[in-house]
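See structure below.
The values are calculated or read from the model by the stated rules, or taken from the named source; none is laboratory data. This structure is a prediction, so every number in the text was calculated from the model and none was measured. Cβ placement follows ideal geometry from the backbone for every residue including glycine, while neighbour counts extend to all protein chains displayed. Accessible surface is based on the protein model in full, side chains and every heavy atom, while ligands, DNA and RNA are left aside. Shrake-Rupley method; radii C 1.70, N 1.55, O 1.52, S 1.80 Å.
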Amino acid sequence: QLNAQQLYSDFQHSVWEFFSKIPNGNIPDIMTYREVRFLSVVGPAALPPDQLDRYNRLINDMLAIYNAASICAYNEPLRCGLKLQPDLTNIMAKNRNWDELQHVWTEWRRNTGSKYKDTYEQLVTLSNTAAKLNNFTNTADYWNFPFESQNFDVDLEEAWEEVKPLYEQLHAYVRRRLRDYYGPEKINRQAPLPAHILGNMWAQSWVDIFDISQPYPGRNFLDVGPEMERQQYTPAIIFRLAEDFFVSLNFSQLPLDFWTSSILEQPLDREVICQPSAWDFCNREDFRIKMCTKVTMKDLIMAHHEMAHIYYFMQYKNQKKVFRDGANPGFHEAIGEAIGLSVGTPKHLQQIGLVQTSVDDLSVDVNFLYSMALDKVAFLPFSYVLDKWRNDIFRGEITKDQYNCEWWRLREQYTGIKPPVLRSERDFDPGSKYHVPANIPYLR
């Protein structure tokens, strides 16, 4: 993998050197100009070899700490080695002990972000150097370039202002339910929400506190998982069903190689990273999915989401290589999300034989929509803040001695969330999120 990455970086660097010598005024037509412009943006590969090696080492050093991080159990200090997946994720999702959640929240950050704050500052400097070599002012402009907007920051703020009233209603409702659950001594009726009790390590999704906050207790919305098991569904059947969905929209069937080369369930002979993903091997015929599929409603929807990526790959496979990508970095995910929303409706589930009788109950519908809001609406300001914070750093508006303070100022301003314990600049809490040490944009 490292050798392949080095070969690709060398190729990108040579392409960048070639195109950087061509004056823009010499390109006669817009499509050629566009092609040259996209080919000449190669990111970190524009760095000289020694700086590129240092850039990669800084990221690898931080990710080595992140991936190896573990903590000790709250009530059993000698039982250590608890990892983010699955141990800490499960505790944050299912445990309701205020002090234990606070322990897990704090220890995860102590063993990740706080260990590489200095390294991250070095990464920012190198990342900005690479951006300038690509003819951008800084990394923020480089990351925003594919969205092709002259006022992207304004676009984002305006989009957020449209969603904000709905988010504020959701936030107020959740605060009231958590105040009922934990008591007024823990939850102030006007203060921001403590970040450790929302069911997720970063409070980016609140769906795992549905059980203690649902509007209509016991009025469960549709879960076709048991019916899938009763009908003896398998991962292969789930993906065949997803293929049928796209064929019904007049797309073609998938090539045979997709079925022979994809990984649709956990292999028995080795461990694999099971994060669902779709792959375009860039030869116009090899497309694959890697997903350790389980027979659940969640994975039924996820399978359709990943299949949407595959069909998008296939639609632009005959474009020139430089144009074989989503219309912008968020477009692929938007299509997958739209398909997932369509698949999860009672009407569709009834059409494919997973619901025998129609469910028409206001309380069930409200619970279903509330659950979706906990996942989708709560996520929007988190993703916005993560890249807004990094953009301010890349632009020099936030310096190293303000990293953590400014992070929590933005979290409180946009998400109404605060840390459960006092924080200082000795901490580096945003570094506890994978995309920060990996230097990967998140906004999409």
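Could you work out the relative contact order of the stretch 224-352? I mean the mean sequence separation of Cα pairs under 8 Å and 6+ apart, divided by the number of residues, in percent.
This gives 23 percent for the stretch 224-352.
Which percent of the accessible area of the stretch 224-352 is formed by carbon and sulfur heavy atoms (probe 1.4 angstrom)?
Roughly 54 percent of what the probe reaches on the stretch 224-352 is carbon or sulfur.
What accessible area per residue, rounded to a whole number of Å², is obtained for the stretch 17-127 using a probe radius of 1.4 Å?
Working: 5910 Å² over 111 residues.
On a per-residue basis, 53 Å².
Quote the FRET efficiency, to the nearest 0.05, computed for Q122 versus R189 with a Förster distance R0 of 30 Å and r equal to the Cβ-Cβ distance.
After rounding to 0.05, the efficiency reads 0.10.
Sorted by mean Cβ packing within 10 Å, highest first, what order do the peptides 40-52, 256-268 take?
40-52, 256-268
Kindly point out which whole DSSP H helices in the chain project their C-alpha atoms 24 angstrom or further along the helix axis while averaging a Kyte-Doolittle hydropathy of -1.0 or above.
Flagged H segments are 2-19, 49-68, 117-133, 152-182, 297-315, 362-394.
Can you compute the modelled spin-label distance between A93 and L39, with each label point 7 Å from Cα toward Cβ, in nm?
A separation of 4.6 nm, rounded to one decimal place.
Which listed residue (F210, N67, A172) has the Cα farthest towards the positive end of the charge dipole for the chain, taking +1 on Lys and Arg C-beta and -1 on Asp and Glu C-beta about the Cα centre?
Final value for the positive-end residue is N67.
I need to check one value: relative contact order of the chain, counting alpha carbon pairs closer than 8 Å and at least 6 residues apart, in percent.
Numbers: 507 pairs, mean separation 87.2, N = 444.
Relative contact order for the chain comes out at 20 percent.
So how do 150-157, 397-404, 346-353 stack up, highest first, on mean other-Cβ count within 10 Å?
397-404, 346-353, 150-157
I'm checking a number: the convex hull volume of the Cα atoms of the stretch 224-352, normalised per residue, in Å³. What is it?
Hull volume normalised by residue count: 117 Å³.
State, to one decimal in nm, how far the label point of L2 lies from the label point of N328, with both points 7 Å from Cα in the Cβ direction.
Label at L2, label at N328, 3.8 nm between them.
If I model a spin label as a point 7 Å beyond the Cα along the Cα-Cβ vector, how far apart are those points for C80 and A64 in nm?
1.9 nm
Heads up, I need the accessible area for Y414: 1.4 angstrom probe, whole protein in place, Å², nearest 10.
20 Å²
Taking amide hydrogens as modeled 1.01 Å from N in the peptide plane, which residues meet the under 5 Å criterion relative to K418, leaving out close sequence neighbours?
Close amide H contacts, sequence-distant or interchain: L193, A195.
If you average the C-alpha positions of the stretch 332-396 and of the stretch 123-158 separately, how far apart do those two centres end up, in angstrom?
Between the Cα centre of the stretch 332-396 and that of the stretch 123-158, the gap is 28 Å.
To the nearest 0.05, how large is the calculated FRET efficiency for L256 and T345 if R₀ is 25 Å and r is the Cβ-Cβ distance?
Details: r = 31 Å, r/R0 = 1.24.
Given R0 = 25 Å and the Cβ-Cβ separation, E is 0.20.
With Kirkwood radius over Cα pairs in Å as the read-out, I listed (i) 26.6; (ii) 31.7; (iii) 24.4; which label goes with the value calculated from this structure?
Only one listed value fits the structure, namely (iii).
Here is the link list: K132/K317; K117/K418; K132/K388; K298/K376; K132/K418; K186/K388. Which ones come out longer than 26 Å on Cα distance?
In this structure, K132/K317; K132/K418; K186/K388 exceed 26 Å between Cα atoms.
When the Cα centres of the stretch 170-196 and the stretch 238-291 are compared, how far apart do they sit, in Å?
Their Cα centres are 43 Å away from one another.
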